[in-house]
Amino acid sequence: MIKDPKHAPLFIGSDIYRTSSYGAWHPLRVPRVSTVMDLSRGMGWLGPAQYVQSPRAKAAALSLWHDPDYLGALALAEQTQIASPEVKERYGLGTTANPVFPEMWRRPATSAGASLLAGELLAQGGIVYSPAGGTHHGMPARANGFCYLNDPVLAILSLRRSGVRRVAYIDIDAHHPDGVEVAFGADPDVLMISTHEENRWPRTGALEDVGAGTLFNLPLPAGLNDTEMAEIRDRLILPSVASFAPEAIVLQCGADAVTEDPLSRLTLSNNSHWQIVAALMEMAPRNLVLGGGGYNPWSVGRLWTGVWATLNGHLIPEVLPPVAQSVLRGLEFQNHRLGRNPPDHWFSTLRDSPRNGEVRPKVRDGLARLCARIQPEF
């Protein structure tokens, strides 16, 4: 249970995620944030006092990092529903990954607005959760990897404007956060740790990259299991954060590293994510937890709802109440084999069975190389 209701975690959301989609065949056609909102309410975990309506960021605020000409092109593409060949080539709009769709400005501007607001809300400390955030591939003047804007970058810059200097950014998405590294890889006041699948798009984030000395990339082999992730957590993530002593932690909690996700070959259970959330929330006075990848509506909804439970100290029941089960039974995963015969535990539980295994030499060796770089005090 929440220890102090006056300082309870805040959940930033919006119904725009309920009514918008990247298109019938895009991986982001599935309901994600709306599922987390509905499940959390169905569990009795999200009342009006903790829910914050996300603002939609304006171009002037987004230009804190993004190029104004690009922002203009993005807004015009939504208005006209057209991306010319020149716009496609220059800005990456109208591609298969970043298509033209009716809310292509409003939707990312809303998730970016949440991250900008989070930086302000955390000025005096606390915990903020924005599952719509985590669009870590966006570049200053280009859409990239399903990301039209880069809300993690904007969150860190907003924290800076609120007086925070040292920020730890941890990213456990299956894909490397190339846009965030472009922004902060050379900044000694930002600790960056990324665990991501090797040889997976965008194929950046090499083990050898050091940036300003506070950059730690750990490419991981297919089949990553819970035991290996626990080793990574205890030997790399937590000691690095402890040594860095950040004033704020931003955790990108992408849900695409679990077994059921169609866009990665990692095999974690959602327990690994929740354990990292629980450990990190005690290590800084300000915590922002973002969503990210995740393309199976059941695994994303269950994982991210469990994140909210973890942040609040709620016990996760073995069997969900009927109202919560009805949310999960109402989901569809159209045009994908995983949606044809979903197993019953996707409807009746939040917690996965642990997926443990051996710590393989490749994981152990990569960890050893990065752990050797951890300094007693950054």
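Laid out as a table, the results:
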item	result
Shape of the range 1-118, Cα gyration tensor, a/c cut at 1.5	oblate
Area of Glu181 that stays accessible when all protein chains are in place (1.4 Å probe, Å², to 10)	40
For the range 93-124 and the range 295-316, distance of Cα centres in Å	22
CD proxy at 222 nm, helix term only [per DSSP H run n ≥ 4: -39500 (n - 2.57); per residue of the chain; nearest 500]	-10000 deg cm²/dmol
Heavy-atom accessible area per residue - the chain, 1.4 Å, Å²	39
Prolate/oblate/rounded label for the chain (Cα gyration tensor, a/c 1.5)	rounded
For Pro297, net neighbour charge (Lys/Arg +1, Asp/Glu -1) across residues whose Cβ lies under 12 Å away	0
Simple label model, 7 Å out from Cα along Cβ direction - Trp201 to Glu120, nm	3.5
Dipole magnitude of the range 90-249 about its Cα centre (Cβ charges: Lys, Arg +1; Asp, Glu -1), debye to nearest 20	620
Neighbour-limited loop hits for trypsin sites (Lys or Arg not before Pro), the range 18-85 (at most 14 other Cβ within 10 Å; DSSP other than H, G, I, E, B)	Lys58
For Phe378, solvent-accessible area (1.4 Å; no DNA, RNA or ligand), Å²	50
Three-way shape label, the range 135-258, alpha-carbon gyration tensor, a/c 1.5	oblate
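The values are calculated or read from the model by the stated rules, or taken from the named source; none is laboratory data. These numbers were taken from a predicted model, which means no experiment stands behind them. We place every Cβ from the backbone using ideal geometry, glycine too, and count neighbours over all the protein chains shown. These area figures cover heavy atoms from the full protein model, side chains too; ligands, DNA and RNA do not enter into them. Shrake-Rupley method; radii C 1.70, N 1.55, O 1.52, S 1.80 Å.
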